Amino acid sequence: MDAPPTTSSRAGADRRQPADVAIVGVGALGCAAAEALARAAVGRLVLFDGDVVERSNLHRQLLHRDADRGRPKVDSAAERLTMVYPAAAVERRYVRIDAVNAGSLLAGAACIVDATDGFESKFLLNDTAVALGVPLVHAGIMRFLGQLMTIVPGQSACYRCIFVAPPEPGDVPSCQEAGVLGSLAGTIGLLQAAEVIRYLTGAGPLLTDRLLTYDALMNRFRSVRLRRNPSCPVCAPRLAGTTRNR
Ligand SMILES: [Zn+2]
């Protein structure tokens, strides 16, 4: 098994100042992660979201207010972040990331925060991050359950190593359909922000080759060890190439 990412292997990120942190989705996870990262002044935040604020969002999407209903989420989030921390560098992209535009929109980011709702988006972000060689901080939430893992392309297991393929449409409800505990979203989003800060600063180990789960109903955290899939259709070819180049 390869060694986990080391501080020195992340030193390149330190020199990329200001860092561009791409936050994909400014819903429940993205609001929490973005506010923490803005206050930490990690560099430039680039917010991506193609949705508008709805009343049903407000219990868990902490940057949006009732008066923002109907506005693009990136607009209300960016304005709130700038109000909270005027020195924050925030860019907004009112766009839904898809298979056509993901590569060009996310290229050049120092890291990507997966704050999306929906399996298709999570697989797309994983595949794009691996292809670009950009670290991805994945998270997912539903009802009382949250999960978190970090993917460092070429070094650690990717999302598709573990979950292989999205469920068939309709088999598993989305967070929007199933509901989620608002405070759980905040917890997991803040953990994503801490993971980004660890990556950018090189301080502390990353949550690579591990899946952290949090059951907010039973108040229980667990950390499950993961292994790369040597037959992973996304990262196995890259790993093989990395080995050959050494
Ligand atoms: Zn993989």
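The values are calculated or read from the model by the stated rules, or taken from the named source; none is laboratory data. Everything quoted here is computed from the prediction, not taken from an experiment. Virtual Cβ from ideal backbone geometry, glycine too; neighbours counted across all protein chains shown. Just the protein is used for accessible areas: all its heavy atoms, side chains included, with ligands, DNA and RNA removed. Shrake-Rupley method; radii C 1.70, N 1.55, O 1.52, S 1.80 Å.
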- Query: Of all residues in segment 166-212, how many are under 18 Å from the mean Cα position of the chain (by Cα) and at negative phi?
  - Reply: 32
- Out of (1) more than 13 Å from the ligand (Cβ to nearest atom); (2) farther than 23 Å from PRO205 by Cα, what's the single condition that is false for ALA109? (2)
- Within segment 84-106, track down each residue that is within 16 Å of PHE48 (Cβ to Cβ) and open to solvent by less than 60 Å² (accessible area, probe 1.4 Å). ALA89, VAL90, GLU91, VAL95, ILE97, ASN101, ALA102, GLY103, LEU105, LEU106
- Query: Is it fair to say ALA129 is within 16 Å of the ligand (Cβ to nearest atom), open to solvent by less than 10 Å² (accessible area, probe 1.4 Å) and within 16 Å of ARG160 (Cβ to Cβ)?
  - Reply: yes
- Query: Would you pick out the residues in segment 135-166 that are away from the ligand (no atom under 12 Å from the Cβ) and aromatic (Phe, Trp, Tyr)?
  - Reply: PHE144
- Examine segment 170-183 for a residue that is surrounded by 18 or more Cβ atoms within 10 Å (Cβ to Cβ) and touching a helix residue (DSSP H, G or I) at 6+ places or on another chain (Cβ under 8 Å), and state whether such a residue exists. yes
- Task: Could you check segment 38-149 for helices (runs of 4 or more DSSP H) lying wholly inside it with 2 or more residues that are over 17 Å from VAL26 (Cα atoms), among the hydrophobic types (A, V, I, L, M, F, W, C) and under 16 Å from the mean Cα position of the chain (by Cα)?
- Result: 119-132
- Query: Got at least one residue in segment 150-166 being out of contact with any Gly (no Cβ under 6 Å at 6 or more places or on another chain), more than 13 Å from CYS235 (Cβ to Cβ) and open to solvent by less than 10 Å² (accessible area, probe 1.4 Å)?
  - Reply: yes
- Can you tell which of GLY118, GLY103 is more than 16 Å from the ligand (Cβ to nearest atom) and at pLDDT below 95? GLY118
- Query: Across segment 73-83, what is the total count of residues that are within 18 Å of ARG60 (Cβ to Cβ) and open to solvent by 10 Å² or more (accessible area, probe 1.4 Å)?
  - Reply: 2
- Do we have ARG198 as basic (Lys, Arg), more than 16 Å from the ligand (Cβ to nearest atom) and closer than 26 Å to VAL21 by Cα here? yes
- Query: Conditions: (1) farther than 19 Å from TYR199 by Cβ; (2) modelled with pLDDT under 95; (3) exposed (fewer than 14 other Cβ atoms within 10 Å of the Cβ). GLU54 meets all but one. Number of the miss?
  - Reply: (3)
